[in-house]
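The structure under discussion appears below in the form of structure tokens.
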Amino acid sequence: MSFRRSFAALAFALALTAAAPAPRTTYIQAGRLLADPATGRVESNKTIVVRDGRIVEIRDGFIDGPDGDVVDLRDRFVLPGLIDSHVHICHENGPDDKLRRTVQTASDLAIQGAMNARKVLGAGFTTVADLGEENEAIFALRDGIAEGKVPGPRIVAAGNVISPHGGEGDVFGYRPEVIRALQRPNLCSGADDCRRVVRQQVQRGADVIKVVATGAVLSDIAAGLGQQFTQDELNAIVETAHNLGRRVTAHAHGANGINAFLIAGGDSIEHGTYLDAESIRLFKAKGAYLVPTLLAGDTVTLWGNDPNSFLSPAAKAKAIEVGPKMLDMARRAHAAGVKIAFGTDSSVSRHGDNAREFLLLVRAGLTPLEAIRAATTSGADHLGLAGKVGALKPGMAADIVATTGDPLADVSMLQKISFVMKGGEVFKR
């Protein structure tokens with residue numbers, strides 16, 4: 001009897017194996033192909049072979065086969081999926097911000113994030129770093145996308161930002177009891193307290209640690225844009241995060257906050273408006289990245305100069321001061337050889353408009369190829385994803401986008417993405 005049961009189990013297993021379909025292969029026929037932006041080499045008449053979500057090989061000529069599907073991009077310019085290293089995907093800033101903080105739950109934010117994620121993926125951005133949302137909202141969205149339950153870019157998520165009490169990550173402008181209700185468990189004072197908060201954030205699921213090293217433009221308080229954490233606190237945050245295998249990035253405008261964070265060993269600076277010669281020296285000595293978020297600067301400049309702006313007086317004054325300076329900041333950093341990764345700070349700008357950042361990077365002195373690298377190979381390196389995304393090579397994720405024109409001749413073509421594949425699945429065709 002035991003033999004019969006064993007034989008039946010084996011027969012059932014063999015039947016399942018025989019019934020399982022062979023993995024489907026997709027043949028993407030590319031008229032022009034920028035497979036590795038690090039080289040800048042554009043090739044013609046290639047076929048990208050994709051199986052199980054990954055690139056198997058890249059062949060000469062236009063190939064197809066009986067075991068798969070053919071995607072005809074013979075009249076398109078094909079390149080790796082784009083990477084935005086700074087978004088806030090669960091919301092967009094607007095005149096009702098203050099009210100929404102009091103009525104929206106983490107579930108509401110996750111649903112809003114799912115809608116925005118579709119827009120971002122449709123714009124050709126197959127990977128993003130979300131640098132500040134409620135933990136429950138962004139981690140649920142990140143995991144839902146990773147499990148294939150929700151369409152969207154893969155997300156590297158920080159969750160709650162690490163902020164000093166009274167800093168950019170705190171709550172302002174409400175009655176004291178409302179402030180207490182809205183405050184998140186992300187505030188710390190003193191090196192030991194900051195170590196605790198970083199450890200808790202990693203325990204809750206953070207892929208990366210985001211710290212607020214200086215004041216912010218849109219915070220509703222006239223507290224300036226200078227350093228807010230002490231050097232000891234920044235040292236503790238960076239050391240703790242690195243010990244736990246997490247990279248650390250810092251929101252920073254003022255040069256003193258930028259430099260203190262880089263001295264602490266931080267991995268990248270978001271914004272960087274007032275970086276100085278010492279900042280540039282530290283960027284290069286430490287190998288840190290700058291994510292200049294020029295689109296955010298351009299957007300807040302428009303808001304600040306709008307006579308009907310929804311910004312508070314404190315935020316409006318900072319927007320008028322900071323926004324116009326960001327283009328020159330990026331120009332100086334690029335000319336000095338600072339490593340730059342593409343990031344928009346979307347939620348300030350609208351989700352889905354991310355590719356406008358390319359035009360601003362070119363205005364800041366980057367060539368179109370350098371701007372594309374910032375959103376592909378450099379972006380992947382910055383996020384610790386080199387070898388996984390950012391280029392089209394065997395074994396890497398099949399994140400592939402296409403446009404009708406040549407973005408190396410006209411970078412605005414990246415605002416007109418006509419084909420999007422993420423992880424081997426066609427999202428836009």
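The values are calculated or read from the model by the stated rules, or taken from the named source; none is laboratory data. Predicted model, so just to flag it, every value in this text is computed and none were measured. Counting neighbours? That spans all protein chains shown, and the Cβs are built from the backbone with ideal geometry, glycine included. Calculation scope for accessible area: heavy atoms of the full protein, side chains included, ligands and nucleic acids excluded. Shrake-Rupley method; radii C 1.70, N 1.55, O 1.52, S 1.80 Å.
Quick notes on this one:
- F310 being crowded, with 18+ Cβ neighbours inside 10 Å and of a type in the set (F, W, Y): no
- Among the strands (runs of 3 or more DSSP E) confined to segment 233-303, there are none with at least 1 residues that are surrounded by fewer than 20 Cβ atoms within 10 Å (Cβ to Cβ).
- When the residues of segment 380-398 are filtered to those that are over 23 Å from R24 (Cα atoms) and not hydrophobic (A, V, I, L, M, F, W, C), the one that is surrounded by the fewest Cβ atoms within 10 Å (Cβ to Cβ) is G387.
- Filter result for P153 (surrounded by 23 or more Cβ atoms within 10 Å (Cβ to Cβ), touching a Phe, Trp or Tyr at 6+ places or on another chain (Cβ under 7 Å), in contact (Cβ under 8 Å) with a residue 60 or more places away in the chain and not acidic (D, E)): yes
- Within the option set R118, R54, R142, being open to solvent by 30 Å² or more (accessible area, probe 1.4 Å), touching a strand residue (DSSP E or B) at 6+ places or on another chain (Cβ under 9 Å), closer than 22 Å to R246 by Cα and modelled with pLDDT of 95 or more holds for one residue only, R142.
- Segment 171-184 - residue that is modelled with pLDDT under 80 and in a loop (DSSP other than H, G, I, E, B) and, of those, most open to solvent (accessible area, probe 1.4 Å): Q183
- The single condition among (1) open to solvent by 30 Å² or more (accessible area, probe 1.4 Å); (2) at pLDDT 95 or above that V128 does not meet is (1).
- Residue in segment 194-201 that is part of a loop (DSSP other than H, G, I, E, B), basic (K, R) and open to solvent by 50 Å² or more (accessible area, probe 1.4 Å) present: no
- Qualifying residue in segment 185-192 (condition: more than 25 Å from L82 (Cα to Cα), part of a helix (DSSP H, G or I) and at pLDDT 95 or above): yes
- Leading residue by the ranking (nearest to V49 (Cα to Cα)) among those in segment 356-379 that are open to solvent by less than 40 Å² (accessible area, probe 1.4 Å) and without any contact (Cβ under 8 Å) to a residue 40 or more places away in the chain: A374
- Qualifying strands (runs of 3 or more DSSP E) (wholly inside segment 40-120; at least 2 residues being among the basic types (K, R) and out of contact with any Asp or Glu (no Cβ under 8 Å at 6 or more places or on another chain)): 54-60, 68-80
- Complete set of residues in segment 37-51 that are open to solvent by less than 30 Å² (accessible area, probe 1.4 Å) and closer than 30 Å to T367 by Cβ: P37, G40, K46, T47, I48, V50
- Enumeration of residues in segment 281-296 that are farther than 18 Å from R247 by Cβ and in contact with a Lys or Arg (Cβ under 7 Å, 6 or more places away or on another chain): L295
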